[in-house]
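The values are calculated or read from the model by the stated rules, or taken from the named source; none is laboratory data. All values derive from a computational prediction rather than experimental measurement. Using ideal geometry, Cβ is built from the backbone for each residue, glycine included, and neighbour counts are taken over all protein chains shown. Keep in mind that these areas ignore ligands, DNA and RNA; they rest on the heavy atoms of the full protein, side chains included. Shrake-Rupley method; radii C 1.70, N 1.55, O 1.52, S 1.80 Å.
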Amino acid sequence: MNLLSIVVPCFNEEETVEIFSKEINKTLNEHNFEIIFINDGSGDNTLNNIKKLADENSNIKYISFSRNFGKESAIYAGLKNATGDLVCVMDVDLQHPPSLLPEMIESVSNEDYDVAAARRTSRKGEPKIKSFFSHMFYKVFKRITKMDLVEGATDYRVMTRQVVDSILQLKEYNRFSKGLFQWVGFNTKWICYENVERVAGQTTWSYWGLIKYSIEGLVAFSTMPLTISILLGTIFSIVAFIYMIVIVIRYLLYSDPVQGFATIMCSLLLLGGIQLLSIGALGKYLEKTYIETKNRPIFIIKESNIDQN
Ligand code: UDP
Ligand code: MG
């Protein structure tokens with residue numbers, strides 16, 4: 001039977017790792033699988049709990065980072081160390097229902113799909129404002145990047161070896177997984193499910209974190225903001241030029257001296273704002289380029305029970 005590697009990023013998840021492993025064992029008891037826990041610099045007992053599980057089960061592997069590198073880096077490390085013919089990426093808090101696994105495995109093994117991914121159809125139990133912004137993000141992202149990012153798409157997915165190898169070829173430091181998964185293409189089957197709440201522990205996402213994540217995503221997959229700067233610049237130059245001619249004509253024909261402190265202030269502020277915004281957008285791309293050129297590793301492993309050579 002094909003080996004399934006389950007990649008599980010964990011950050012301060014001491015309460016959930018054991019529940020997770022039990023659930024997976026229950027769901028996949030007959031399947032040949034391994035779990036790769038990535039301890040993403042947790043400050044609690046996560047690593048010890050994982051090690052305990054690994055001592056009891058030979059199919060539990062772990063990688064422990066030297067600090068918190070973020071979920072995206074954890075996913076990358078997991079994919080890199082996965083040996084299965086099929087690889088699954090999954091959250092440890094059981095918000096990604098293990099009950100979908102059999103169908104996902106079936107779809108990639110016996111149907112004509114390379115990826116089976118989960119999609120949340122409801123956002124039950126989530127603040128309304130969060131759902132609203134999330135909806136807006138998908139709309140803007142789709143419009144700007146022309147990439148067909150499926151709304152409610154999660155990182156929860158089962159992929160064939162071929163897809164995993166393609167993702168591993170994308171070695172960028174700024175990793176926006178949702179976009180990367182979409183970017184590599186392949187035949188994807190979407191499996192819908194209702195939102196579930198965490199079994200234990202707390203989410204580490206803040207609103208600020210989500211806003212930053214959205215900007216990262218946009219910058220990573222589109223240079224549209226730069227084009228918008230050029231467009232705005234062009235429009236305002238043309239308008240200013242026309243206005244200049246109007247003023248001159250008015251002065252020559254009617255000797256009408258121009259007045260209007262308000263007009264000056266408004267246009268000054270508006271233009272200043274647009275200029276700063278454009279410089280900001282430019283700076284964002286420069287920042288990303290700067291970080292990419294340093295070519296730093298995406299993660300650093302402190303310890304692991306997988307041979308790293
Ligand atoms: N996670 C991680 N590193 C981080 C933050 C989160 O590995 O810096 C893991 C976390 O342990 C969980 C998954 O990513 O398995 C999703 O995190 P969380 O449940 O906090 O996010 P949400 O489900 O609220 O989007
Ligand atoms: Mg969660």
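Points to keep in mind about this one:
- Given (1) in contact (Cβ under 8 Å) with a residue 12 or more places away in the chain; (2) surrounded by 13 or more Cβ atoms within 10 Å (Cβ to Cβ), index of the condition LYS124 fails: (2)
- Residue pairs meeting the criteria (Cβ under 7 Å; at least 6 apart or on separate chains; first under 16 Å from VAL219 (Cα atoms), in segment 284-307; second assigned to a helix (DSSP H, G or I)): LYS284/VAL219; TYR285/VAL219; TYR285/LEU226; LYS288/VAL219
- Counting residues in segment 22-37 that are under 24 Å from the mean Cα position of the chain (by Cα), farther than 18 Å from PRO98 by Cα and either open to solvent by less than 30 Å² (accessible area, probe 1.4 Å) or away from ligand 2 (no atom under 16 Å from the Cβ) (or both) gives zero.
- Tally of residues being more than 16 Å from ligand 1 (Cβ to nearest atom), under 17 Å from PHE181 (Cα atoms) and open to solvent by less than 40 Å² (accessible area, probe 1.4 Å) across segment 89-113: 2
- Top-ranked residue of segment 69-87 - restricted to ones that are within 16 Å of ligand 2 (Cβ to nearest atom) and either open to solvent by 30 Å² or more (accessible area, probe 1.4 Å) or in contact with a helix residue (DSSP H, G or I) (Cβ under 7 Å, 6 or more places away or on another chain) (or both), ranked as farthest from VAL115 (Cα to Cα): LYS71
- Options ILE60, ILE6; residue that is open to solvent by less than 10 Å² (accessible area, probe 1.4 Å), aliphatic (A, V, I, L, M) and touching a Cys at 6+ places or on another chain (Cβ under 6 Å): ILE6
- Pairs are defined by a Cβ separation below 9 Å, a sequence spacing of at least 6 or placement on different chains, a first member in segment 230-258 that is free of Cβ contacts under 8 Å to residues at least 40 places away in the same chain, and a second member that is in a helix (DSSP H, G or I) and among the β-branched types (Val, Ile, Thr); the pairs so defined are PHE236/ILE274; ASP256/ILE247; VAL258/ILE247.
- Residue pairs whose Cβ atoms lie under 7 Å apart, sitting 6 or more positions apart in sequence or on different chains, and linking a residue in segment 184-203 that is open to solvent by less than 70 Å² (accessible area, probe 1.4 Å) to a partner that is of a type in the set (D, E, K, R) and near ligand 2 (Cβ under 9 Å from one of its atoms), are ARG198/ASP93; GLY201/ASP93.
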